[in-house]
Amino acid sequence: MKICGITAEYNPFHKGHAYQIEQARRAGATHIVAVMSGNFVQRGAPAILDKWTRVRAALCGGVDLVIELPLPFATASAETFAYGSLSLMQAAGCVDMVSFGAEDPLKQLQSTLAVLLSKRFEPAFQARRAQGVSYAAARARAVEDLAGEETAAVLGRPNNILALEYLKAAHRLDFFPSWVTVPRQGAQHDQPGLQNGMMSASYLRGLLEQKAWDEAEKGLTETGRMIYQQVFLSGRGPVQIKLLERSILSALRTRSLEQLKALPDMSEGVENRFYAGIRQAVSIPQLYGLIQSKRYPQSRARRMVLHAFLGVTARMQNNPPPYLRILGIGAKGEEILKRMKKEVRLPISQSLRWLQNLGGAPEGFARLEASATDQYVLGMPKPLPCGWEYTALLVKE
């Protein structure tokens, strides 16, 4: 048995994801574990389809076991997102290899990583940051200062950015599985249209929001398309942030400056800019515009708004996730669980209620997850009542 871990949002599951699973199996994986984001995702928005629907599509697409990446990590910056996922893979005690997408070979990624981990990097980074540029720009320029343009160019390609964070997180955790890097095939990140038989997730989300099934099916797996269509017919999709807009604005207007200071990624007085924006904004796009700047890109603004709405704090990200929650079991999932239960380092369950009853950090994370889903279902065409987290069944295929 050789178990491969994959971090994913599957928002939605598409042919590119199926290709990654196929490549992992070609590299020797006999079993696939996915650590998947829940109902809210890293781009600072609700997932277009609920997590149980996305789990079902993933299991039909070749995943054997799905573990949930808790909300504070699923909606975090790339560094914290990767750290949360790798922490869960390590805690599972049975992940032998990890697969991720990257534009450059592993050797080149490791060369850039060596610069990021060097003692010289932080002073160079702070010097560039003092020039008023964004975090990403300061990091790339600091690497270029230390190691040249070619090494820094690695940071300019979207899949590489997250790939480096996985490698960095593994170093931080002292967790060293074998790595399977998968070059991106087809359409690039946020690119419209069909390229080599594949579409980007962002383009597919746009098609799904428009219910353009004839075009969307070119990028989706056949079973995925059928699952999504059934959910749309039931009124549970597509989930859209615009349906949550007034709920978000209303919640944010109750937040104090002190509460904003406790959010992740809050530094250098940006909470004052955020607070002022909340008092003025009458729409979510307007609020993003009031927060973002050259130093604070919209991606950061989107996460700040979501964290303030859902109650995610920086303190929640200071330690690794406190439990392993199983969302779905596929063809070989029971075999993974059997091995996992011999080696696992954290409480493990499919039941959020059971995890909540453990008290302490598990209770806090479980209550946050349940509360977030109670908000998430208001973004559905046909909203659901509270409590779905406690009544939804484990997905089995």
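Below, the figures for the structure above:
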| item | result |
| --- | --- |
| Any hit, region 223-234, residues being assigned to a loop (DSSP other than H, G, I, E, B) and not charged (D, E, K, R) | no |
| Any hit, region 343-351, residues being closer than 14 Å to V66 by Cα, in a helix (DSSP H, G or I) and open to solvent by less than 80 Å² (accessible area, probe 1.4 Å) | no |
| Any hit, region 361-368, residues being loosely packed, with under 14 Cβ neighbours inside 10 Å, in contact with a helix residue (DSSP H, G or I) (Cβ under 8 Å, 6 or more places away or on another chain) and more than 23 Å from V231 (Cα to Cα) | no |
| Any hit, region 253-273, residues being open to solvent by 10 Å² or more (accessible area, probe 1.4 Å), closer than 20 Å to L378 by Cα and of a type in the set (G, A, S) | no |
| Criterion: open to solvent by 50 Å² or more (accessible area, probe 1.4 Å), in contact with a Lys or Arg (Cβ under 9 Å, 6 or more places away or on another chain) and hydrophobic (A, V, I, L, M, F, W, C) - qualifying residue of L155, L113, L146, L194 | L194 |
| Single residue of region 51-92 satisfying the filter (under 14 Å from the mean Cα position of the chain (by Cα) and of a type in the set (D, E, K, R)) that is surrounded by the fewest Cβ atoms within 10 Å (Cβ to Cβ) | E79 |
| Selected residue (criterion: modelled with the lowest pLDDT) from residues of region 148-168 that are over 11 Å from L113 (Cα atoms) and assigned to a helix (DSSP H, G or I) | P158 |
| Residue check for R295: over 30 Å from R157 (Cα atoms), basic (K, R), open to solvent by less than 60 Å² (accessible area, probe 1.4 Å) and more than 22 Å from the chain's Cα centre (by Cα) | no |
| Test for E209: is it acidic (D, E) and either open to solvent by less than 20 Å² (accessible area, probe 1.4 Å) or in contact with a Pro (Cβ under 9 Å, 6 or more places away or on another chain) (or both) | yes |
| Per-region count, region 119-170, residues of a type outside the set (A, V, I, L, M), more than 26 Å from G101 (Cβ to Cβ) and touching a residue at least 40 places away in the same chain (Cβ under 8 Å) | 1 |
| Check on P297, touching a residue at least 12 places away in the same chain (Cβ under 8 Å) and under 24 Å from F365 (Cα atoms) | no |
| Region 212-222, residues that are open to solvent by 50 Å² or more (accessible area, probe 1.4 Å) and either touching an Asp or Glu at 6+ places or on another chain (Cβ under 6 Å) or in a loop (DSSP other than H, G, I, E, B) (or both) | E217, K218 |
| Residue that is modelled with the highest pLDDT [pool: residues in region 181-190 that are over 19 Å from the mean Cα position of the chain (by Cα) and open to solvent by less than 70 Å² (accessible area, probe 1.4 Å)] | G186 |
| Test: residue in region 227-249 that is open to solvent by less than 30 Å² (accessible area, probe 1.4 Å), closer than 25 Å to A76 by Cβ and either of a type in the set (K, R) or in contact with a His (Cβ under 8 Å, 6 or more places away or on another chain) (or both) | no |
| Complete set of residues in region 333-360 that are among the basic types (K, R), out of contact with any helix residue (DSSP H, G or I) (no Cβ under 8 Å at 6 or more places or on another chain) and at pLDDT 95 or above | K338, R339 |
| Residue list for region 282-291, restricted to those being buried (at least 19 other Cβ atoms within 10 Å of the Cβ) and either over 19 Å from R43 (Cβ atoms) or without any contact (Cβ under 8 Å) to a residue 24 or more places away in the chain (or both) | Y288, I291 |
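The values are calculated or read from the model by the stated rules, or taken from the named source; none is laboratory data. As the structure is a prediction and not an experimental result, all values here were calculated from the model. Glycine also receives a Cβ, built like all others from the backbone with ideal geometry; neighbour counts cover every protein chain displayed. Areas reflect the complete protein model, heavy atoms only, side chains present, ligands, DNA and RNA absent. Shrake-Rupley method; radii C 1.70, N 1.55, O 1.52, S 1.80 Å.
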